[in-house]
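I have placed the structure first, in the form of structure tokens, so that the comments after it can refer back to it.
The values are calculated or read from the model by the stated rules, or taken from the named source; none is laboratory data. Keep in mind that this is a model prediction, so the values were computed, not measured. Cβ: placed from backbone, ideal geometry, glycine included. Neighbour counts: every protein chain shown.
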Amino acid sequence: MLTTFLTLTTGLFSSNNSNTRAITFGTGNITLTGNSATILAMGNVTNYTSTGTPTFNATYSGSTGTRVINPGILSTNYPNINVSAGTDTVSFAAGNTINNINSNNSVKKHNNNNYIIRFINH
């Protein structure tokens with residue numbers, strides 16, 4: 001399937017509902033370019049499934065506002081979050097489990113809202 005290695009680039013990604021939905025990541029990813037907003041809104045993961053390695057790249061390179069990342073509370077297939085640019089605040093919603101966070105040295109702040117991180121590379 002072609003979609004297993006493609007990248008979706010969008011300012012914000014929202015899938016915060018209980019509709020049946022699935023994402024086939026394969027080796028693909030979702031790149032989030034937004035700022036001063038909830039750039040990943042998946043607080044309600046009822047009826048959501050994914051295959052492959054869920055990877056979200058936050059690439060805003062400015063210094064304005066706070067980017068909120070909310071991948072939801074999943075019981076399996078935790079997402080990887082890559083924050084590759086920006087000197088703004090990156091905040092993770094409370095109660096989430098994230099497989100891996102990668103960020104470069106330009107990311108100055110991570111708000112700790114009681115989320116669970118399995119691995120962090122900074």
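Of the residues making up segment 112-121, not a single one is surrounded by 18 or more Cβ atoms within 10 Å (Cβ to Cβ) and either modelled with pLDDT of 80 or more or not in a loop (DSSP other than H, G, I, E, B) (or both). Annotation note: of G34, G26, G72, the sole residue that is of a type in the set (G, A, S), at pLDDT 85 or above and in contact with a helix residue (DSSP H, G or I) (Cβ under 8 Å, 6 or more places away or on another chain) is G26.
Considering segment 44-71, the residues that are out of contact with any strand residue (DSSP E or B) (no Cβ under 7 Å at 6 or more places or on another chain) and not polar (S, T, N, Q) include one that is surrounded by the fewest Cβ atoms within 10 Å (Cβ to Cβ), namely G62.
Quick one: count up the residues across segment 17-36 that are closer than 19 Å to V90 by Cβ and either surrounded by 15 or more Cβ atoms within 10 Å (Cβ to Cβ) or within 13 Å of the chain's Cα centre (by Cα) (or both). Count: 7. Quick one: A41 ticks every box in (1) in contact with an Asp or Glu (Cβ under 9 Å, 6 or more places away or on another chain); (2) crowded, with 18+ Cβ neighbours inside 10 Å except a single one, so which number is it? Here A41 clears every test but (1).
The residues in segment 98-111 that are at pLDDT below 80, of a type outside the set (G, A, S) and surrounded by 13 or more Cβ atoms within 10 Å (Cβ to Cβ) can be counted, and the count is 3.
Filter segment 13-41 down to the residues that are more than 17 Å from T53 (Cα to Cα) and in contact with a Ser or Thr (Cβ under 7 Å, 6 or more places away or on another chain) and list them by number. Listed by number, the residues that qualify are S18, T33, N35, S36, A41.
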